[in-house]
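Enquirer: Just dropping this structure here.
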Amino acid sequence: MCRIIHTKAGEKRVVFSICYAVCQCLFIIGLMALTPGCSDDKVATPSSVTSSPAAWTKDTAAVSAYIIKANTFVQSNFDSMQVYGATALEIARRINYPTGIARALAVEANYQRRKGNYPVAIRTGLEVIRMYDSLKDWTRMVGIKNLVADFYKEMGGEKGTAEYQRLGLTLSREAQELAEKQKDIPGIISSLNEQGIILRDISQTTGKQDLMDSAYQLYKKGIDIILSTGKGDDQLGKLYNNISQVYNEYFNDYPKALDYQMKAVAFNKERNNRLSLTHNYNTIAEIYSNMGNYPEAKAYAFQMIGLGKSLNAPFRLVNGYKVVSEVYRKMNRFDSALYFFELKANLSDSLNNLQRSNQIAEMQTKFETAEKEEQIGFLDNLNRTKSQRLWLMGGAAGLLLLLLTVVWIQKRKSQQQQVQIQKQSEKLQWMMKELHHRVKNNLQIVSSLLNLQSYRLKDEESAAVIKESQLRVQAMSLMHQRLYQVEDVTMVNFKLYLTDLTETLMQAYGYHADTFDLQIRVDKEMLDVDTVMPLGLLVNEIITNAFKYAYAEVSRPALTITLTDQQDTLRLDLSDNGPGMKDNGTSHTGFGKKLIQALTKQLKATCTIHNEGGTHYTLLIPQQTDKAA
């Protein structure tokens, strides 16, 4: 360990020395740039401002305040957003405040997009890009490039216009490169999300399934960055929504897709993100439609349409009409399906017609031409001074090349070490999953053998004992199955495990979901495997006892399981509606009760049993904070 630390310290000293040398070179070049004869290099100043510095500072603060206020309405009231943005623009222009003008125009561009005026939105957005470029405001440049990329995405998404999709993808990739240079974590996350959205659209219009997988990786990377850094968490709702779409459309894992959507809904409701909720409701409707639950699909689709109308967001209405039409088609209600399909088609055509396409293509050409003209002017100025600086630039370039070579060598070594560590980590992860898979298969074999043995037994009591043993083995098998199906083999989704376990036992004892009231509520879904192993077996015993003894004379059996997180303690409550245990669990115990006591002791938990209106188990389990989170 000491050797490694020493090596890293040495690398830091090398990098520090390189940076110091580079700064010296740039300082010399800067001195040359300020020598007489270079009067063409000028710095723009707000010369038209006539007020005092104090008054000007107050006005700029007002501009920022109005823009911040405008952005609070971006999810709820577009007209209010435009009013505050226009006020900020008026003040910024009056005091000749370039940054304020650009920020206010960005609000206006977003407003026009929300109203479906894409030519105006894109023209304004491209103008803001030019302004931020001249101001060297790279952080805000990342945001506006992703915003304009989203304009292009919406224009190209419904009709599958490849050129718009290409322009949007190019802008979002440029935004990511710029954000990475600035170490702008929220900007990186936003760029990854935007690229994923566009790649998903391209996949749907071209049929290239590998692009859907690429979109999934981008969403997952964005979520991982948020969870590891704690930055950019305001975008978590969008990422939950978008990764849910991949599970719905690509993996066909509808429960997983629905789980992510419910996380997104909770996130956006808490923040009153009404526009984002339209995306959530739309995707939930599609998931329920794919699951064949058409009433739920239709209900969520109409929620989305109603919210889209209240927000006056035509692009969201297109998606809502599309989902409703598809649901009605699956229900064989073709008249209603055709009605909503025509609504969708007419609105989509109004948002993406040929005239608008020509206008946007013309604006894009003007934007690219203006950029080229600026580059030509810059090169002309550069040529007038190049002869004076050529010898210095050549020497500085040679020195920089040497220093960069050293940096590259060091970086290469570091990358090779990281790749090796990553491979070892992935191999270990794979081996652990394979181990759990094999354990699960072996347990299934044991369960099958016990099942075969039970057929040979004539004694009912012996057969019942074998059956209980078989169910215990199945409970452990379910645990290992959950472990090899997840990325983190040290954690188990206890809620899903409880659901699988209870349904398995319900079928084993001849109960049906339609005649059985089962309620499961889990506050803390992910638990470490060392806790879940004994806890799962303990719950298996308690539920088995309920199915064996509690419901013989009950017309409508009921079972309630609740796991609440009480800071340092987990509380597990299991209740049935049977007659209750006469001895309250205190008399001579069989193997099952002994197993419950042993597992309770292993968990260092306390177990309390009550017999009021059924048997109620309450377990207080101390959480082990030294386990991996």
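Enquirer: According to the square roots a ≥ b ≥ c of the eigenvalues of the Cα gyration tensor, what is the shape class of region 178-325, taking rounded for a/c under 1.5, prolate for a/b larger than b/c otherwise, and oblate for the remainder? Numbers along the way, then the final one.
Expert: Details: a/c = 1.77, a/b = 1.41, b/c = 1.26.
Taking the square roots of the gyration eigenvalues as a ≥ b ≥ c, region 178-325 is prolate.
Enquirer: Report the gain in length on full extension from residue 555 to residue 234: 0.36 nm times residue separation, minus Cα-Cα distance, nm rounded to one decimal. Before the final figure, lay out the partial values.
Expert: Working: separation 321, 0.36 × 321 = 115.56 nm, distance 4.93 nm.
Extra length available between residue 555 and residue 234 comes to 110.6 nm.
Enquirer: Calculated FRET efficiency, residue 513 and residue 331, Cβ-Cβ r, R0 25 Å, to nearest 0.05?
Expert: On the way: r = 24 Å, r/R0 = 0.97.
Computed FRET efficiency for residue 513 and residue 331 comes out at 0.55.
Enquirer: While we're here: Per residue of region 605-617, what does 6.51 cos²θ - 1.76 cosθ + 1.60 with θ = phi - 60° give for ³J(HN,Hα)? Whole Hz please, x for Gly and Pro, Karplus curve as stated.
Expert: Karplus values, whole Hz, x for Gly and Pro: 9, 10, 10, 10, 10, 10, 10, 10, x, x, 9, 10, 9.
Enquirer: Residue by residue through region 195-200, what is 3J(HN,Hα) from phi via Karplus (6.51 cos²θ - 1.76 cosθ + 1.60, θ = phi - 60°)? Round to whole Hz and write x for glycine and proline.
Expert: With the stated coefficients, region 195-200 comes to 4, x, 4, 5, 4, 5 Hz.
Enquirer: Further question: Just subtract the alpha-carbon distance of residue 173 and residue 135 from 0.36 nm times their residue separation and send over the number in nm, one decimal.
Expert: Numbers: separation 38, 0.36 × 38 = 13.68 nm, distance 2.09 nm.
Contour length minus Cα-Cα distance gives 11.6 nm.
Enquirer: Another question about this same structure. In region 215-317, carbon and sulfur make up what percent of the accessible area (probe 1.4 Å)? Write out the running numbers ahead of the final one.
Expert: Working: 2110 of 4340 Å².
For region 215-317, the apolar C and S fraction of the accessible surface comes to 48 percent.
Enquirer: Calculate, for region 112-196, the solvent-accessible area per residue in square angstrom, rolling a 1.4 angstrom probe over the heavy atoms of the protein chains. Don't jump to the answer; show the numbers that get you there.
Expert: Values: 3170 Å² over 85 residues.
Result: 37 Å² per residue.
Enquirer: For 79, 59, what's the largest-to-smallest order of accessible area, 1.4 Å probe? Walk me through the numbers on the way to the answer.
Expert: Details: 79 80, 59 35 Å².
In descending accessible area the options line up as 79, 59.
Enquirer: Next question, about the same structure. Kindly list the residues of region 511-543 that lie in the label zone of residue 293, defined by a backbone N under 18 Å from the point 7 Å along the Cα-to-C-beta vector.
Expert: Inside the label zone: 513-522.
Enquirer: Stretch residue 90-residue 252 to full length: gain in nm at 0.36 nm per residue minus the Cα-Cα span?
Expert: Details: separation 162, 0.36 × 162 = 58.32 nm, distance 5.07 nm.
Here the segment from residue 90 to residue 252 would lengthen by 53.3 nm.
Enquirer: For the pair residue 416/residue 564, report the inter-label distance in nm, with labels modelled 7 Å from Cα in the Cβ direction.
Expert: 5.8 nm
Enquirer: Sticking with this one: What order do 90, 342 take when sorted by accessible area (1.4 Å probe), most exposed first?
Expert: Final ranking, largest accessible area leading: 90, 342.
Enquirer: Averaging sequence separations of C-alpha pairs under 8 Å and six or more residues apart, then dividing by the length of region 96-160, give the relative contact order as a whole percent.
Expert: Value for region 96-160: 31 percent.
The values are calculated or read from the model by the stated rules, or taken from the named source; none is laboratory data. Predicted model only: the values in this text are computed from it and were never measured. Heads up, the Cβs are rebuilt from the backbone with ideal geometry, glycines too, and the neighbour counts pull from every protein chain shown. These area figures cover heavy atoms from the full protein model, side chains too; ligands, DNA and RNA do not enter into them. Shrake-Rupley method; radii C 1.70, N 1.55, O 1.52, S 1.80 Å.
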